[in-house]
Amino acid sequence: MTPRVLVDAAAVPADRGALIRYVDGLVAALHEVGADLAVVCQRADAERYGKLAPTARILAGPVAITNRGKRLAWEQFGLPVLAQRAGADVIHAPYYSIPLRSGLRVVATIHDVACFTEPEQHDTARASFFRSATRTAVRRADRLIVPSKATRDELVRVLGADPARIDVAYHGVDPTLFHPPGEREIRQVADRIGLHGHPYVAYLGALEPRKNVPNLIRGFAEAVEHLPAPPALVLAGGPGWDGEVEAALAGLPSRIRIVRPGYLPFADLPGFLGGALVVAFPSRSEGFGLPVLEAMACGAPVLTTHRGSLPEVGGDAVAYTEPDAESVAAALRALLESPKRRAALSAAGVGRAREFTWRLSAEAHLASYRHAMNS
């Protein structure tokens, strides 16, 4: 039996970061594999989800759910009503929190458990919410979906989750969005962020503690300080909640150039990632590491850490470093000094990225929904 699934996309944050690329990629792929699908979302997103999944039933929630507190309350009372009206058999909650009394099977995606293992790397209020939501999902959801084996193992180790109720479904990458760019794409993005052909090292993601951006800044400065014309470091993404990034920037020599363009439009990401000398992502902890996969798909040489799920994503197609600033500096310097190594990583990364498709992810999700129906 193929269950009718309601995907709760109402928690989509406005910045449309990596977690939202997961929801969008999954919804489109579920449509492509013929899933019996309904999507509940905020009203501003209804048209977009209608285009991503033309055969799905798109249900717009009330205006009030743009407020986080009201959305969480509506999730418990309003969402189950919509699911029943849509004739859903399964509710998929892709962002930790779940409705507790829906009368339907519930599948929840747990993206990582870093708020338990590294609580100091998280904003206190957000970490408290994620810990509570994760514990509840582990106890009450019929199935749990995780994006990597590393996250599954941590969920079992830290919270005693039943491994028989956990399904691993890797994220995918959309080759129409993320691909090796042409020179025009590269030039347009570089001009837009003020580089105008100047070489650069790229980072894509939130500027928050667990992403290890301060050590990237310090390591980058050490790696390039000896160069007569050092490349720039471009930090693309939203601001963090602490002052560590600002402190790291304050200690830099004036000749070290850091560019902070904020969020970049999706259309700019191939040119930004593929045009970089290196994409550096020295995160301390990741449930999957979607920026690493997307950078590989764009033909970028990638430097990341051998932590958590990142080796599952990068395999032998990326370079690795420890997360401390000195190690980042040494690994980054080695890549910048070796065009041959960067070219090899670029080619290997493109091939590796082809192994991760949203279609495969959707099929794994469908298997999890069926397991939930049979539990």
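Read-outs throughout are calculated quantities, based only on the coordinates presented, and are distinct from any laboratory measurement. Quick caveat, the model's predicted, so the values are computed rather than measured. Cβ sites come from the backbone with ideal geometry, for glycine too, and all protein chains shown count toward neighbours.
The modelled label-to-label distance between Arg48 and Asn67, using points 7 Å beyond Cα along the C-beta direction, is 2.3 nm.
Along the Cα-to-Cβ line of Ala164, 7 Å from the Cα, sits a label point; which residues in region 349-375 have backbone N less than 16 Å from it? Label zone hits: 371-375.
Geometric descriptor of region 144-222, per residue, is 155 Å³ (volume of the convex hull of the Cα atoms).
Taking Cα pairs under 8 Å and at least six residues apart, what relative contact order does region 168-243 come out at, in percent? List each step's numbers first, then the result.
Values: 55 pairs, mean separation 26.8, N = 76.
Value for region 168-243: 35 percent.
For region 250-312 versus region 94-121, the spacing of their alpha-carbon centroids is 26 Å. The candidate values are [x] 20.8, 66; [y] 19.8, 62; [z] 21.2, 70; the one derived from this structure for Rg and Dmax of the Cα atoms in Å carries the label [x].
Ordering Leu310, Ala229, Ala64 by Cα displacement along the dipole of the chain toward the positive end leaves Ala64 in first place; charges were set at the Cβ atoms of Lys, Arg (+1) and Asp, Glu (-1).
Just from its helices, what would the mean residue ellipticity at 222 nm be for the chain, if runs of 4 or more DSSP H residues each count -39500 (n - 2.57) and the sum is divided by every residue, rounded to the nearest 500 deg cm²/dmol? Please report the intermediate quantities before stating the final value.
On the way: 15 runs with 164 residues, N = 375.
Mean residue ellipticity at 222 nm (helix-derived): -13000 deg cm²/dmol.
Neighbour counts of other Cβ atoms within 10 Å put Val158, Val201 in the fewest-to-most order Val158, Val201. By the count of neighbouring beta-carbon atoms within 10 Å, fewest first, Trp74, Trp358 end up ordered Trp74, Trp358.
I want to verify the translational diffusion coefficient of region 220-375 in µm²/s; compute it with Stokes-Einstein, Rh as the Kirkwood radius over Cα pairs, at 37 °C and 0.692 mPa s.
On the way: Rh = 17.1 Å.
Roughly 192 µm²/s, to the nearest whole number.
Along region 98-109 the Karplus relation, 6.51 cos²θ - 1.76 cosθ + 1.60 evaluated at θ = phi - 60°, assigns HN-Hα couplings of 10, x, 8, 9, 8, x, 10, 5, 10, 10, 10, 8 Hz to successive residues, with x for each Gly and Pro.
List the aspartates and glutamates whose Cα lies under 14 Å from the Cα of Lys51, skipping any in the same chain that are fewer than 8 positions away. The qualifying aspartates and glutamates are Asp24, Glu32.
Helix 68-85 and the long axis of the chain differ in direction by around 50°, with both axes built from C-alpha atoms. Dipole magnitude for the chain: about 780 debye, using +1 per Lys or Arg Cβ and -1 per Asp or Glu Cβ, origin at the Cα centre.
The mean sequence separation of alpha-carbon pairs under 8 Å and at least six residues apart, normalised by the residue count of the chain, gives a relative contact order of 18 percent. Label separation (Ser128 vs Thr55): 4.6 nm, computed from points 7 Å beyond Cα along the C-beta direction. Inter-label distance, Asp316 to Arg157: 2.6 nm, where each label sits 7 Å from its Cα along the C-beta direction. Across region 183-353, the mean sequence separation of Cα contacts (distance under 8 Å, 6 or more residues apart), normalised by length, yields a relative contact order of 25 percent. In plain terms, the residue of Val156, Val81 with the fewest other Cβ atoms within 10 Å comes first and the most crowded comes last, giving Val81, Val156.
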